[in-house]
Amino acid sequence: MIDGKSEILSDEEEIRVLNLNDKTKALNELEVEDIEGPSNEDPLVVTDFLKLIDVAKENKLDILSAREILSGGVFGPIYTFEAKELISGKKIKIVERCFSEIKDVERRFASVNVSMPWRKDSEPRYEIRNNKNENKNRLIIDYLYNEEQALKNLQGIKGIPAFYGAVYDELNGSILEEYIDGPDLSMLLLRDKKDRQEWDVMEIFEKLKQIYIQAAEVGYIHNDPSHSTVMLDKKSQQPYLADWYLCSRGNIEADGPIKDKYVQGLKEIEDLKKDLLEVI
């Protein structure tokens, strides 16, 4: 982690930015309260569509349609919309994965107590230091930021969806990525055997393993490759591994927790393949 800039949060606390980029700023006291604060009955809040249009233009896209709901994700709604590549003029379909607020809970963030055991499911972005009691120190994970960084740096790997930008809208936001025309792998596996005969499930899992390996070699270790969203292209049967907010960064060649995590992920994929051989 980068030891970034620090700002005063309150009389007792200060907040450090651990991962820096040009747009990074520290959260203020009210924003931290919003992340951790009590829930109420406020309606769902999603990303401002005008900000989405601006980010699309920065990524050489022109939005052609309104949002259309596709499904729901763990962080909020998932939409699709039509767009046109400004350079080629080609029309394409985009997926917007929202990191939204509902009942006053900002699902884009997670706050964890440093002194308590916790599952490190992603890289923290901020650290809150309590100057009077270090046992109250906290880490804040920004899942939107982590997904943006992973997708941006994994472009070119077959099985990573094309990335069209991240929209930051106060404590909400969205990821814009390629639409994959085909089923979710988990839904495919629930079909009757005769309904999935045209799909080579073992080959799909071998390709999934290669995506996992190639991403890890770049330094991004997916923390849950066997249970995350995997979309399948219905023409090529190419899997696309999603949920890159669940990743850790590091060198898989060096002995330590990162290498251990990587090896465990490989084992989970192989174990799942073995289990499936008994039922397909």
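The values are calculated or read from the model by the stated rules, or taken from the named source; none is laboratory data. All values derive from a computational prediction rather than experimental measurement. Glycine also receives a Cβ, built like all others from the backbone with ideal geometry; neighbour counts cover every protein chain displayed.
Each row is one residue, and each column tells you yes or no for (1) under 21 Å from the mean Cα position of the chain (by Cα); (2) surrounded by 12 or more Cβ atoms within 10 Å (Cβ to Cβ); (3) at pLDDT below 80.
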{"site": "Leu27", "(1), (2), (3)": "yes, yes, no"}
{"site": "Ser39", "(1), (2), (3)": "no, no, yes"}
{"site": "Leu52", "(1), (2), (3)": "yes, yes, no"}
{"site": "Val55", "(1), (2), (3)": "yes, yes, no"}
{"site": "Lys60", "(1), (2), (3)": "no, yes, no"}
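Being at pLDDT 95 or above and not in a strand (DSSP E or B) is a property that Lys261 lacks. For region 136-229, the strands (runs of 3 or more DSSP E) that sit wholly inside it and include 1 or more residues that are in contact (Cβ under 8 Å) with a residue 40 or more places away in the chain, outside the structural domain of Phe99 (by TED's automatic domain parsing) and of a type in the set (Ser, Thr, Tyr) are 220-222. The one condition from (1) buried (at least 17 other Cβ atoms within 10 Å of the Cβ); (2) among the basic types (Lys, Arg); (3) in a loop (DSSP other than H, G, I, E, B) that Lys234 does not meet is (1). Only one entry in Asp260, Asp255 is under 24 Å from the mean Cα position of the chain (by Cα), over 23 Å from Leu188 (Cα atoms) and either β-branched (Val, Ile, Thr) or not assigned by TED's automatic domain parsing to the domain that holds Ala150 (or both), namely Asp260. Here Asp255 does not qualify as surrounded by fewer than 19 Cβ atoms within 10 Å (Cβ to Cβ), in contact (Cβ under 8 Å) with a residue 12 or more places away in the chain and not basic (Lys, Arg).
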